[in-house]
Amino acid sequence: MPITDAMVRQTAEDLYSWALRKVPDDTKAALARAMEKETKEAAKQTLKLQLRSAELAEQRDKFVCSDSGVPVYFVKIGSAAPLQCDFKTAIRQGYEHLVETIDPPILKHVTNPLTLERGYHGKDMPIVSYDFESGLDYVEMTCSPKALGSGRWAALELFTFPSLEEIETYILDVAIKAGAQHCPPVIMGVGIGGTFDHCASLAKKQTLRPLGTTNPEPTLAAMEERLTRAVNKLGVGPMGTGGDTTVLGVHIDYASGHGFTPVAVCFNCWINRRTRARLYGDGRIERME
C-alpha cells in the first residue's frame with residue numbers, strides 16, 4: 001500500500017494545527033530547568049508565565065500565540081518508502097483546508113512582498129523543503145511555522161577563510177542585534193559553510209534539533225557551550241525582562257565549501273513551534289512530537 005495524497009494532505013493540516021497549540025515537551029522541560037536556575041525574580045516570573053501559557057493552551061486546545069506565522073514544512077523522503085502522491089499539491093491542499101476549517105481562525109499573515117497585500121495564500125505558499133534519506137521506508141514531515149519573532153531577526157554573512165573566533169563573534173553580534181525582539185528565551189540555529197542557500201538551510205534545520213542533545217562534532221559541541229553561556233550573559237532575559245535566560249540552546253551544523261564561508265543564524269521563539277509525523281506504506285500516520 002503506497003503513501004497517498006490523502007495521507008499527506010491530512011498530515012500537513014494536522015501538523016500546522018498542532019504546532020499552534022502545543023509547546024514541545026523538550027522545550028517545556030528546558031523552560032522549567034531555566035526557571036529553577038534563574039537568579040532574577042522578574043525573569044523567573046516570566047518563565048513561570050510562559051510555562052503556564054503553554055499548559056493552558058494544551059488543556060484548552062487553544063493557540064499559544066495569536067501570531068500563527070506562515071506554514072513551513074520539511075519533508076524527508078525515505079528511499080524505500082512506497083509513494084503514490086504529489087507532495088506539493090497535497091501539502092497545499094491540506095493547508096487550504098485548514099484555513100477554511102480551523103477553530104479559532106488564524107489571522108492573515110501571508111504577505112505579498114511586492115504589494116504588502118495580506119491574506120492566506122500566495123506564491124510558494126506553503127514553504128516546503130525536501131530531503132532524501134537512504135534506507136528509510138517512511139516519509140517524515142515536520143512543520144515549524146515562521147512568525148515575526150522566529151523569522152525577522154535571522155541573518156547571514158559571507159566570510160573568507162574566517163577563524164572560529166571570527167565566526168563566534170559574528171554569531172554573538174547577531175544575538176546582540178536581535179535583543180529581545182525574537183521573544184526569548186530562544187533556540188538559535190547556526191549554519192557554517194557550504195553555499196549561501198545550503199548554509200541557511202543548515203541553520204534552519206538546527207532550530208528543529210531537540211533541546212538537550214549533544215552535537216556529535218566535538219568542535220561544534222564546544223562552540224555551542226561557549227555561545228550559550230555568552231548569549232545568556234547579555235542579560236536580555238525572558239521577553240526582555242533581564243536575567244540569565246536569553247537562549248535555551250545554540251545548535252550548530254556545518255558543511256564543506258569553498259574559501260568563502262557563509263555563516264547563517266536564525267531563531268525559534270520561546271514557543272519553539274515544531275511538530276513531526278511519519279507516514280508509512282501500511283496507512284499509518286505516527287505523530288512523533
Straight-distance crosslink candidates among lysines, where the alpha carbon sits under 23 Å from residue 40 and sequence neighbours closer than 8 are dropped: 28, 48, 177, 233
Inter-centroid distance (Cα atoms) of region 136-161 relative to region 42-74, Å: 20 Å
For the chain, size of Cβ-based charge dipole, Lys and Arg +1, Asp and Glu -1, in debye: 740 debye
Where labels lie 7 Å past Cα in the beta-carbon direction, separation of residue 213 and residue 123 in nm: 3.4 nm
Cα gyration tensor shape for region 1-59, rounded if a/c is under 1.5, else prolate or oblate: prolate
Proximal charge balance of residue 279 [Cβ under 9 Å; K/R count +1, D/E count -1]: 0
Peptides ranked, highest mean first, by Cβ atoms within 10 Å: ranges 175-182, 265-272, 76-83: 265-272, 175-182, 76-83
0 to 90° range, to nearest 10: angle between helix 196-206 axis and the chain longest Cα axis: 90 degrees
Most mobile of 141, 125, 239 in a GNM of the chain (Cα contacts under 10 Å): 125
³J(HN,Hα) computed for each position of region 134-144 - Karplus, 6.51 cos²θ - 1.76 cosθ + 1.60, integer Hz, glycine/proline x: 5, x, 6, 9, 9, 10, 10, 10, 10, 10, 9
At R0 = 35 Å, FRET efficiency that the Cβ-Cβ distance of residue 226 and residue 181 yields, to 0.05: 0.90
Gyration tensor verdict on region 130-214 (Cα atoms; rounded if a/c is under 1.5, prolate if a/b is larger than b/c, oblate otherwise): oblate
Angle in degrees between helix 87-101 and the longest Cα principal axis of the chain, rounded to the nearest 10: 90 degrees
Gained length - residue 131 relative to residue 152, 0.36 nm times residue gap less alpha-carbon distance: 5.1 nm
In degrees, nearest ten, helix 25-37 long axis to first principal axis of the chain (Cα): 20 degrees
Relative contact order (percent, whole number), region 148-268, Cα cutoff 8 Å, 6+ residue spacing: 46 percent
Global size of region 148-268 as Cα Rg and Dmax, reported in angstrom: 13.2, 42
Net length gained if the chain between residue 80 and residue 256 were fully extended (0.36 nm per residue, minus Cα distance): 60.6 nm
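Taken together, the values in this text are just the output of simple stated rules run on the coordinates, not laboratory data. The shown structure was predicted, so the numbers you read here are calculated from the model rather than taken from an experiment. Using ideal geometry, Cβ is built from the backbone for each residue, glycine included, and neighbour counts are taken over all protein chains shown.
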